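One structure below.
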Amino acid sequence: QVQLQESGPGLVTPSETLSLTCTVSGGSISSYYWSWIRQPPGKGLEWIGYIHHSGSTKYNPSLKSRVSVSVDTSKNQFSLKLSSVTAADTAVYYCARHGNSGSYSWFDPWGQGTLVTVSS
Amino acid sequence: DIQMTQSPSSLSASVGDTVTITCRASHSITSHLNWYQQKPGKAPNLLIYGASTLQSGVPSRFSGSVSGTDFTLTISSLQPEDFATYFCQQSYSSPRTFGQGTTVEIK
């Protein structure tokens with residue numbers, strides 16, 4: 001059974017870069033798409049972007065200028081970098097795998113999430 | 001971007017009730033709609049994909065339907081473990097977008 005685990009600093013200084021890693025266990029990172037999704041405290045969900053094991057990416061236009069997602073297949077990990085953060089970037093950050101059947105796709109499973117607070 | 005509008009934002013119900021949550025898409029997304037359940041402090045959990053296909057292991061009291069751009073999640077015979085927040089999400093186009101959530105509370 002595939003499991004995902006986010007890791008990284010829980011506190012980031014404003015204007016700095018947020019960096020998180022998602023480690024995939026119980027299965028290979030190959031042949032799938034992988035996403036980052038965030039949820040500000042008490043609010044809804046926002047898709048940040050995805051990466052394929054081949055390295056192709058797609059980002060949410062609302063964050064595109066500040067986001068970068070990369071993959072390390074040798075470590076079965078993928079990573080998120082979000083630059084020039086502000087308090088508005090404070091959120092629980094989730095990583096998730098894309099599932100699909102025909103043209104339908106969904107996020108499953110998800111990591112447990114990690115809270116990142118942007119504050120000085 | 002495709003906007004997903006969920007209603008109601010919250011509802012109160014009793015064990016055994018049938019509850020209905022609606023999600024409306026701003027544009028046609030055919031049946032590319034997923035439903036998730038989220039409990040406090042936990043990640044969302046996939047319930048339904050393709051508007052009406054139950055994810056493996058999800059109880060049959062959960063069901064989904066679609067009429068045009070209106071999608072419905074129905075929970076029949078509400079159980080204590082069903083009190084949670086529910087989100088819809090469209091998978092028709094990028095960026096993927098979510099509804100704002102519906103919290104089902106105990107009456």
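Some observations on this one:
- Here A:Asp72 does not qualify as on the phi < 0 side of the Ramachandran plot, touching a residue at least 60 places away in the same chain (Cβ under 8 Å) and more than 10 Å from chain B (Cβ to nearest Cβ).
- Within this structure, A:Val116 fails the test of being within 14 Å of chain B (Cβ to nearest Cβ), among the hydrophobic types (A, V, I, L, M, F, W, C) and touching a Leu at 6+ places or on another chain (Cβ under 7 Å).
- Test: residue in region B:75-86 that is within 11 Å of chain A (Cβ to nearest Cβ) and closer than 25 Å to B:Ile2 by Cα: yes
- Residue count, region A:87-120 (criterion: of a type in the set (Val, Ile, Thr) and out of contact with any Ser or Thr (no Cβ under 8 Å at 6 or more places or on another chain)): 0
- Region B:1-20 residues that are touching a residue at least 40 places away in the same chain (Cβ under 8 Å) and within 14 Å of another protein chain (Cβ to nearest Cβ), paired with ones that are loosely packed, with under 14 Cβ neighbours inside 10 Å and not in a strand (DSSP E or B) (beta carbon under 7 Å, 6 or more apart): B:Ile2/B:Ser26; B:Ile2/B:His27; B:Ile2/B:Ser93; B:Gln3/B:Ser26
- Wholly within chain B, strands (runs of 3 or more DSSP E) carrying at least 1 residues that are surrounded by 19 or more Cβ atoms within 10 Å (Cβ to Cβ): B:4-7, B:19-25, B:33-38, B:45-49, B:62-67, B:70-75, B:85-90, B:102-106
- A:Ser79 vs. criteria away from every other protein chain (no Cβ under 14 Å), within 15 Å of A:Ile51 (Cα to Cα) and in contact (Cβ under 8 Å) with a residue 60 or more places away in the chain: yes
- Inspection of region A:5-19 identifies at least one residue that is of a type outside the set (Asp, Glu), surrounded by 13 or more Cβ atoms within 10 Å (Cβ to Cβ) and touching an Asp or Glu at 6+ places or on another chain (Cβ under 7 Å).
- A Cβ distance below 9 Å, combined with a sequence gap of six or more or placement on separate chains, defines the contacts here; from region A:33-51, residues that are facing chain B (nearest Cβ under 8 Å) reach residues that are part of a loop (DSSP other than H, G, I, E, B) and among the hydrophobic types (A, V, I, L, M, F, W, C) in the pairs A:Glu46/A:Leu63.
- Number of residues in region B:35-72 that are more than 10 Å from chain A (Cβ to nearest Cβ), closer than 16 Å to A:Ile37 by Cβ and small (Gly, Ala, Ser) equals 0.
- Some residue of region A:90-101 being more than 12 Å from the chain's Cα centre (by Cα), farther than 21 Å from B:Ile29 by Cβ and either away from every other protein chain (no Cβ under 14 Å) or modelled with pLDDT under 95 (or both): yes
- Every residue from region A:52-69 that is closer than 21 Å to A:Pro9 by Cβ and away from chain B (no Cβ under 12 Å): A:Arg66, A:Ser68, A:Val69
- Screening the candidates B:Ser65, B:Ser31, B:Ser52 for the property of being out of contact with any Leu (no Cβ under 8 Å at 6 or more places or on another chain), within 23 Å of B:Glu105 (Cα to Cα) and touching a residue at least 12 places away in the same chain (Cβ under 8 Å) yields one hit, B:Ser65.
The values are calculated or read from the model by the stated rules, or taken from the named source; none is laboratory data. Here the structure is a predicted model, which is why all the values come from computation and not from measurement. Reconstructed Cβ throughout: ideal geometry from the backbone, glycine too, with neighbour counts over all protein chains shown.
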